[in-house]
Amino acid sequence: MTNTLGRPDFAVIAGWVEPGHRVLDLGCGDGSLLKLLIEQKGVRGWGVEIDDANILAAIRNGINVIQGNLEHGLTGFADQAFDHVVLSRTLQTVRHTQGILGEMLRVGREAVVSFPNFAYWKNRQAVLNGRMPVSEDLPYEWYDSPNVRFFTLLDFEALCAEMGIVIRERQVLDERGRIVTEEPNFLGSLAVYRVTRGR
Amino acid sequence: MAGQNQGVGQVEAQRAHFATPLALRSGGVIPEYDLVYETYGQLNAAKSNAILVCHALSGHHHVAGHYADQPDNVGWWDNIVGPGRPLDTDRFFIVGVNNLGGCHGSTGPSSINPATGKPWGADFPMVAVIDWVKAQARLADQLGIDAWAAVMGGSLGGMQALRWSITFPERVRHAIIVAAAPKLSAQNIAFNDVARQAILTDPDFHGGHYYEHNTRPVRGLRLARMLGHITYLSDDQMGEKFGRELRNGAFSFGFDVEFEIESYLRYQGDKFAGYFDANTYLLMTKALDYFDPAREDNGDLTATLARSRAGFLVISFSTDWRFTPARSKEIVHALLARGRDVSYAEIDLNFGHDSFLMADPHYHAVVGSYLARITL
């Protein structure tokens with residue numbers, strides 16, 4: 001489930017889509033991102049959600065939403081049917097990391113992935129102090145976290161290289177949603193990537 | 001829904017006559033015909049608030065409310081239609097119609113064939129889903145409805161909604177397809193054929209002309225319904241509801257009713273065989289078997305649905321093994337491939353295929369929320 005309040009990554013994603021583009025938002029929650037992209041950028045949108053309450057909320061928001069479990073991939077979705085496939089703050093909750101990344105780039109021309117950076121300095125500090133980090137972008141206690149994969153900007157980029165995925169753009173944000181340019185793997189709390197298949 | 005829980009109250013069936021012949025998918029022609037229908041709520045001045053509710057195998061036009069002289073005869077989908085209910089009659093004008101070939105007042109095998117002066121019986125031409133939709137479109141013409149705000153149905157009713165969106169794309173603004181499939185599987189057809197064989201081999205069937213013999217193939221129809229009922233329920237639900245319970249607490253080592261499930265199925269079979277017409281049952285199951293709109297596009301459902309212009313809400317049920325969620329998703333994925341507006345909900349309910357008739361709060365909220373956002 002996604003937190004829909006104060007989402008600085010939404011603005012980054014909005015900057016990467018064009019009017020008329022088809023956007024698929026995986027783990028779309030109540031459809032807030034799609035609603036924003038439809039209203040502000042004129043895209044056409046669809047969401048995928050597993051949770052009943054979110055399905056209902058998205059329908060109430062007038063958003064196309066498909067109930068499904070991302071752990072089962074995007075079976076049945078046609079190849080290259082979307083311009084962008086978004087996975088916003090959800091990659092860390094999916095067990096089949098490579099599977100979902102591969103599926104995103106099968107059904108979409110581009111994938112947009114945002115995730116909390118485990119190597120953010122405050123997270124490092126928390127671990128050095130002997131505790132698992134709890135922060136703006138990692139807001140859960142270790143015992144109730146939906147997150148099952150903990151990784152950093154460098155880890156993600158290494159995986160992309162291994163999978164032949166090309167990083168087209170990257171935007172890194174601090175806890176307050178401000179853009180980070182220096183030492184992103186240390187000063188960045190949340191990363192947003194725009195990736196495609198290598199040709 | 002919550003609160004007063006008042007339905008549409010007292011309703012009356014109406015009859016429309018169509019004097020223009022209808023050419024059928026099978027090559028046959030119905031020279032003239034009647035359709036019986038009911039309406040609930042008020043058609044607005046722009047005639048933009050009409051919803052057509054299509055019925056399934058054994059359904060009819062009496063969707064909601066009750067008759068003045070039959071207060072216990074409540075419509076088959078009453079729980080979803082009414083003021084404040086998902087199909088809100090304060091906002092929408094709801095139409096239920098008994099399909100051609102039916103046995104609840106519309107022209108069907110038990111009607112008189114004008115050419116012979118006798119009941120049609122087995123001579124009634126084979127009707128397909130597309131024929132029903134064309135007949136319904138003529139009723140819409142009579143009612144002055146150019147485009148439905150929504151066409152909706154469960155099971156075979158959902159297939160009519162799908163067919164509407166393909167055959168009359170400009171006349172369907174939204175299609176709500178519940179517990180349906182884009183075509184039947186071999187297993188689905190197999191069950192239908194066993195049901196038909198039960199009727200066709202009943203000595204009282206008389207080749208479909210049993211009306212003239214003052215009899216009815218009650219045994220065959222009863223078996224057909226018993227078999228059908230097994231496929232409408234989930235294994236879990238059957239287990240929970242009946243288990244291995246014995247009516248008299250001990251084995252009686254005979255063939256009379258012993259297990260509660262036997263009692264239930266025989267009761268359902270007897271009840272159904274008491275009022276339903278066997279020829280109609282045969283026609284309806286064949287219409288199911290033949291349904292395959294993608295056949296027009298060499299099996300490419302994506303190409304077929306590309307002709308639709310409607311927004312879609314597709315709903316399936318977790319325990320439905322007659323038309324599983326995977327079958328509904330075939331429709332969803334074909335629509336997604338062409339960038340159509342579609343939402344899909346998979347409802348966790350324990351009643352198998354029959355779940356679509358249940359008043360589950362989440363299920364009804366999904367339907368109600370979708371309809372609430374339709375602009376009129």
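The values are calculated or read from the model by the stated rules, or taken from the named source; none is laboratory data. On a predicted model such as this, the values are computed, not experimentally measured, just so you know. Positions of Cβ are backbone-derived with ideal geometry, glycine not excepted, and every protein chain shown enters the neighbour counts.
Selection of first residues in the stretch B:132-160 that are over 21 Å from B:ILE331 (Cα atoms) and of a type in the set (Lys, Arg) and of second residues that are part of a strand (DSSP E or B) and at pLDDT 95 or above, restricted to Cβ pairs under 9 Å at least 6 apart or on distinct chains, gives the following pairs, ordered by first then second residue: B:LYS134/B:LEU22; B:LYS134/B:ALA23; B:ARG138/B:ALA16; B:ARG138/B:PHE18; B:ARG138/B:LEU22; B:ARG138/B:LEU35. Among the residues of the stretch A:168-192, those that are in contact with a helix residue (DSSP H, G or I) (Cβ under 7 Å, 6 or more places away or on another chain), at pLDDT 95 or above and within 17 Å of A:SER88 (Cβ to Cβ) comprise A:GLN171, A:VAL172, A:LEU173, A:GLY188, A:LEU190, A:ALA191, A:VAL192.
Based on this model, can you work out whether A:ALA81 counts as out of contact with any Lys or Arg (no Cβ under 8 Å at 6 or more places or on another chain), at negative phi and either more than 12 Å from chain B (Cβ to nearest Cβ) or modelled with pLDDT of 95 or more (or both)? Give the steps one after another, and end with the answer.
On the way: out of contact with any Lys or Arg (no Cβ under 8 Å at 6 or more places or on another chain): no; at negative phi: yes; either more than 12 Å from chain B (Cβ to nearest Cβ) or modelled with pLDDT of 95 or more (or both): yes.
When the stated conditions are applied, A:ALA81 does not pass them.
Taking the stated definitions as given, is B:TYR290 without any contact (Cβ under 8 Å) to a residue 24 or more places away in the chain, surrounded by fewer than 22 Cβ atoms within 10 Å (Cβ to Cβ), among the hydroxyl-bearing types (Ser, Thr, Tyr) and more than 14 Å from chain A (Cβ to nearest Cβ)? In short, no. Return yes or no: is B:HIS60 in contact with a His (Cβ under 6 Å, 6 or more places away or on another chain) and without any contact (Cβ under 8 Å) to a residue 60 or more places away in the chain? Yes: the conditions hold for B:HIS60. For the stretch B:183-216, a residue qualifies if it is in contact (Cβ under 8 Å) with a residue 40 or more places away in the chain and of a type in the set (Gly, Ala, Ser), and the qualifying residues are B:SER185, B:ALA195, B:GLY207, B:GLY208.
The residue that is surrounded by the most Cβ atoms within 10 Å (Cβ to Cβ), among those in the stretch B:321-376 that are facing chain A (nearest Cβ under 8 Å) and of a type in the set (Gly, Ala, Ser), is B:ALA345.
Return yes when A:GLY99 is farther than 30 Å from A:LEU24 by Cα and among the small types (Gly, Ala, Ser) and no when it is not.
Details: farther than 30 Å from A:LEU24 by Cα: no; among the small types (Gly, Ala, Ser): yes.
Here the answer is no, as A:GLY99 does not meet what is asked.
Looking at A:ALA119, A:ALA126, A:ALA158, A:ALA111, which is the one that is touching a Gly at 6+ places or on another chain (Cβ under 9 Å), of a type in the set (Gly, Ala, Ser) and either surrounded by 16 or more Cβ atoms within 10 Å (Cβ to Cβ) or assigned to a helix (DSSP H, G or I) (or both)?
Values: A:ALA126 fails: touching a Gly at 6+ places or on another chain (Cβ under 9 Å); A:ALA158 fails: touching a Gly at 6+ places or on another chain (Cβ under 9 Å); A:ALA111 fails: touching a Gly at 6+ places or on another chain (Cβ under 9 Å).
When all the criteria are applied, what remains is A:ALA119.
Set side by side, the residues A:GLY31, A:GLY68, A:GLY42, A:GLY73 differ, and just one is surrounded by fewer than 20 Cβ atoms within 10 Å (Cβ to Cβ) and at pLDDT 95 or above, which is A:GLY42.
Hey, could you check the stretch B:298-317 for residues that are out of contact with any Gly (no Cβ under 9 Å at 6 or more places or on another chain) and part of a strand (DSSP E or B) and say which is surrounded by the most Cβ atoms within 10 Å (Cβ to Cβ)?
First pass over the stretch B:298-317, keeping only residues out of contact with any Gly (no Cβ under 9 Å at 6 or more places or on another chain): B:298-313, B:316.
Checking which are part of a strand (DSSP E or B) leaves us with B:311-313, B:316.
Details: B:GLY311: 22, B:PHE312: 25, B:LEU313: 25, B:SER316: 27.
Here the answer is B:SER316.
Restricting B:GLY101, B:GLY105, B:GLY75, B:GLY59 to those that are of a type outside the set (Asp, Glu), surrounded by fewer than 24 Cβ atoms within 10 Å (Cβ to Cβ) and in a loop (DSSP other than H, G, I, E, B) reduces the list to B:GLY105.
Kindly evaluate B:GLU296 against the criterion of being modelled with pLDDT under 95 and in contact with a strand residue (DSSP E or B) (Cβ under 9 Å, 6 or more places away or on another chain). So B:GLU296 does not fit the description; no. Number of residues in the stretch A:172-194 that are crowded, with 19+ Cβ neighbours inside 10 Å and farther than 16 Å from A:THR152 by Cβ: the value is 1.
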